[in-house]
Each structure stands twice: as structure tokens, then as C-alpha cells.
Ligand code: SF4
């Protein structure tokens, strides 16, 4: 943001005392960069790296890439260097980033809650096959995540994505990260309001806009009109949640300041009612507050949640109304509470008489080949489209009731289950040590083996137990809001050796009983002992649980 624009906004600002020791808040006059990340963003808008990727780096190869671009600005286009294979978790904190870097990239492609046509699913799969050694994970931010990408292939990948309405712009970085949208928007029989047009409006107006390409840190958005609050609104920086105002009807409440990582915080409800066609304006207002007032001195205090914690929701709303929207918002006397289960796995009725079918891969791990096969099945059964979910699942939309059972059987044969076990349905895992430079432990393979083991030990479980497996404290697979949340770290085994393991968090949840799991000092477990540890927990829970107790 230029200083001129900043000065123009200042004229309308309410009086907020300028602290002696600045936090790097632009709105209070602290515009000089206070750390290397801020300096890099000020030196060159990260959006400019797109042209360098297209016209320089992809032509000249990996060694031509400016390190400031490779380890910084590339993220604005969903590209991170991936971890060199074979470096154990004990080295993660010791080695420099360059020593951890491989010559390949991870690429995130955002779906933003879009309905993916069979052609789009097929394209996503074929990209995995052709350029990513057949990788194509589903993340809990509704992305497809590839690995082993070479910079030479990025232009062709982008070109294929664009043909089916997809891209990787601002999929990472201090930017408007991928938007979570209800996987059943527009079709669920019990939907309060369809927010699809609002998400598309935010995307077309603000994504790739230099006015919003330099936030203090990442900015996560979620929007749903479904009563199950199926986009984890509690842990996003901004969430729009369907609500019915007694006079005005269906619209959205606005929640701000949620986030996990090392200082988790649940979002605060502003208690307002925003009509569908004003959602994009309110998004820009909240994003503007974050850009202008967010803390930029320390990366560890830069997320919106720290500002919301310091201000409180009343002051946040006041600044939003007075300085950014220049009008009051409508208060909502009766915000909704969430209902039901959120992942949409299984076969469900649509409001038009068709069915939607939620499918559970294993901890989000699929392949390009799987997606190509899925596209083939979608075409064969004339399925309208697919959406990814914030729980590493896929929902097929617009399935004819006459073919649904045949479809489910065929999908089962290619690894997508519509009737999974509890363990397969409710276990998520982040990227982990296989590819992530911050990881301390393995996650994806560990989760796969854990699911198989628990399925054989508890084949008929009459409870829903979520297990969230994370490779480090960053909580990308939501350590703190699983029934059993696992944070990767090195622990001591019985012989006193440092080995891969987990700190256990117990009793976390989103939804009606949203809260963070308790972290008990003694609850650390080696990775090798995880199956037995969870089995013991489950046995005790089943023996001692009271009616309705999770
Ligand atoms: Fe990487 Fe840690 Fe996030 Fe897992 S939780 S993907 S290990 S940063």
C-alpha cells in the first residue's frame, strides 16, 4: 500500500492512541518495515513474481530463481519449496531453510468452494499424473496440493488450470488465502442461504488486487449458509455464517479473529446481519482493518486474532462501521447455533430431488490417477460436479437417485468410500515430514496405518471420534479441535532415545461445543505407540461415557 493511500484513509480514522513502541501498524503511522518479510513485501509486490515465473524462471530453470522470490514471493502463487527427502525431524529446527530445500515445489490449487465439473476434476488429476509424480492431496482448506513440481512446468500447469476456471493465485503468502465455502451450497435441503454468489464476488473483486496483497500475515476466509456450519468458521480470520434475522430474513453473521497454531483462539461473533449482496463489502472492510491496523513487528503476533483479542469485538465493529463501511451494520438479536454433522459424508437428499454423496479418502491422500478415475465415474453417471470439503473429503453433487447405489459401489472400487468407518471418516492429517520443511514427524503414512489398525480393533464403533494428526505445532490439521489432537514432536521412548511422537490434546471440538482440547503434560506418546495409546483411550471412553458424552 502506498503512503498516499494510507494518508487519504487517515483523515477519517477515529482517535486511537499511538503506542510508544510501535507494532508496525500502518494506520498508526508505523510504515517502515520492522522485519525481513515486511521489507521484502515493500521492496516488490509479491504479485509481480508471476511474470518472472512465466517469462524468466520457467525458461532458465531452478538455479536462476532469486532466493527472495523462491522463499518469499512464490507463496503468493501457491508455490513452496518442499523438504529434501531423508532429513529427519530432529534437524528441522537446526538446519537453515536452504539446507532443507529441495529443488522441487509444492503447489496449492485453490477451489474456493467451487463446483468442479468432471472436466475440472479430470484436469486436476492429469496435472498430478503429468507433472507431480501422481500426487494430488486434498487439504482441509479445500485445495488440491501437488508435490514434485518443477518450475519449468508451472506455465503449462497454470494454463491447464485456467481452462477449467482454477488457479493458484494467493493460495499461500500474506494474502487472502483460499476461501472455504459450504460443500453443499445451493443444493442442501436444509440450507439457510446459498452464499455462492458472495464468494464469487469476493474472488472477482479482490483476489490478485494489490490493495489486498500485503497483509501482516495470512488471512483465512470461510462462508457457509448451511446450518451445520460446515466450514469451521470458529478458526478462520473472517467467517460469514448463515443466520435468519427475525425481520430481514436469511443473511450472514460475521465472525472475526479465529485461528489455531501456537496461540489458538476461537472467532468472535460480531452479532450482525449482512445481506448476501453486501458480504463482499464487509469482507473488504475487515480485510482493510487487518491490513491497516494488523501488527507487523512480530510474525508470531501478526494474525488478526491478536488485534481482535486486544480490541474486543465491540471496538472492532465500531472501527469497521465508522472507518471502512461508513454506515452501521444491522444487529442480529438471535444468531444461529450449529446443527448436526459437518463433513457431509454419505448419501443425502438435495432440495431438487437428486442426491449428494460425500466421499472419504484416507486422510486426504489421493493421487492424480484417482482423480482421473473419479472424473470418469462422474461422466459415466452424469454427476453434475464435485466440491472439496474442509475435512479433506469430496462431495459429489447432483446424483440421480436411480444410479446412486451403483455409483457408490463403483467409487468404492477406486478408493472413495461413501460409507467409511469412523476412523476413516474422522481422521485428518497434515502434510508432515514427507514434504513439509517445518515438520518434525511423519503424518500421512502414520494416519493411514492408524486408521487400518483402529478399524480392525474397533470395527463396530457406535461413536464419532475425531483424530487430527499434525507434524508440528502449526496445527494445519487442527490439533486443538479434534477429540484426539496430535501435535508432532520428538519424545523419549522407554530406553531414553529421542524418537518421533506426539503431544496429545483431548476433548477439542468445533460446532455446538466448540472448545480447545486439553493438553496434559503427561500425555505424550511415541509414534510407534500411537495405536495402543488411542485404543486404550477408546476402551476407557466406551466404558465410562455418559449419555450423549463425546
Ligand atoms: Fe507442516 Fe506443521 Fe503444517 Fe504439518 S502442521 S503441514 S508439519 S507446518
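Looking across segment 491-501, just one residue is farther than 16 Å from residue 520 by Cα and within 16 Å of the ligand (Cβ to nearest atom), and that is 500. A residue that is buried (at least 21 other Cβ atoms within 10 Å of the Cβ), outside any helix (DSSP H, G or I) and within 23 Å of the chain's Cα centre (by Cα) occurs somewhere in segment 399-416.
Could you go through segment 103-120 and let me know if any residue there is crowded, with 19+ Cβ neighbours inside 10 Å, in a helix (DSSP H, G or I) and touching a strand residue (DSSP E or B) at 6+ places or on another chain (Cβ under 6 Å). No, because not a single residue in segment 103-120 is crowded, with 19+ Cβ neighbours inside 10 Å, in a helix (DSSP H, G or I) and touching a strand residue (DSSP E or B) at 6+ places or on another chain (Cβ under 6 Å). Of all the listed residues (469, 499), the sole one being surrounded by 13 or more Cβ atoms within 10 Å (Cβ to Cβ) and in contact with a helix residue (DSSP H, G or I) (Cβ under 6 Å, 6 or more places away or on another chain) is 469.
Evaluating residue 488 against the criteria (1) over 23 Å from residue 392 (Cα atoms); (2) within 16 Å of the ligand (Cβ to nearest atom); (3) at pLDDT 95 or above leaves one unmet condition, (1). Quickly run through segment 502-522 and pick out the residues that are at pLDDT 90 or above and either away from the ligand (no atom under 12 Å from the Cβ) or not in a strand (DSSP E or B) (or both). Answer for segment 502-522, where residues must be at pLDDT 90 or above and either away from the ligand (no atom under 12 Å from the Cβ) or not in a strand (DSSP E or B) (or both): 503, 504, 505, 506. Would you confirm, using the coordinates I've provided, whether residue 303 is surrounded by 14 or more Cβ atoms within 10 Å (Cβ to Cβ), under 23 Å from residue 479 (Cα atoms) and touching a residue at least 40 places away in the same chain (Cβ under 8 Å)? Criteria met by residue 303.
Going through (1) within 20 Å of residue 183 (Cβ to Cβ); (2) in a helix (DSSP H, G or I) one by one, residue 445 falls short only on (1).
For segment 51-73, the set of residues classified as in contact (Cβ under 8 Å) with a residue 60 or more places away in the chain, surrounded by fewer than 19 Cβ atoms within 10 Å (Cβ to Cβ) and within 23 Å of residue 177 (Cβ to Cβ) consists of 54 only.
Is it the case that residue 205 is modelled with pLDDT of 95 or more and out of contact with any strand residue (DSSP E or B) (no Cβ under 7 Å at 6 or more places or on another chain)? Taking the combined requirement at face value, the residue satisfies it.
Report, by residue number, each residue of segment 448-477 that is closer than 19 Å to residue 502 by Cβ, outside any loop (DSSP other than H, G, I, E, B) and more than 7 Å from the ligand (Cβ to nearest atom).
Our first condition is that a residue be closer than 19 Å to residue 502 by Cβ; within segment 448-477, this holds for 448-454, 457, 465-477.
With outside any loop (DSSP other than H, G, I, E, B) added as a condition, the list becomes 448-454, 457, 467-470.
Selection gives 448, 449, 450, 451, 452, 453, 454, 457, 467, 468, 469.
The values are calculated or read from the model by the stated rules, or taken from the named source; none is laboratory data. Since the model is a prediction, treat every value here as computed from it, not as a measurement. With ideal geometry, Cβ positions are generated from the backbone for all residues, glycine too; neighbour counts draw on all protein chains shown.
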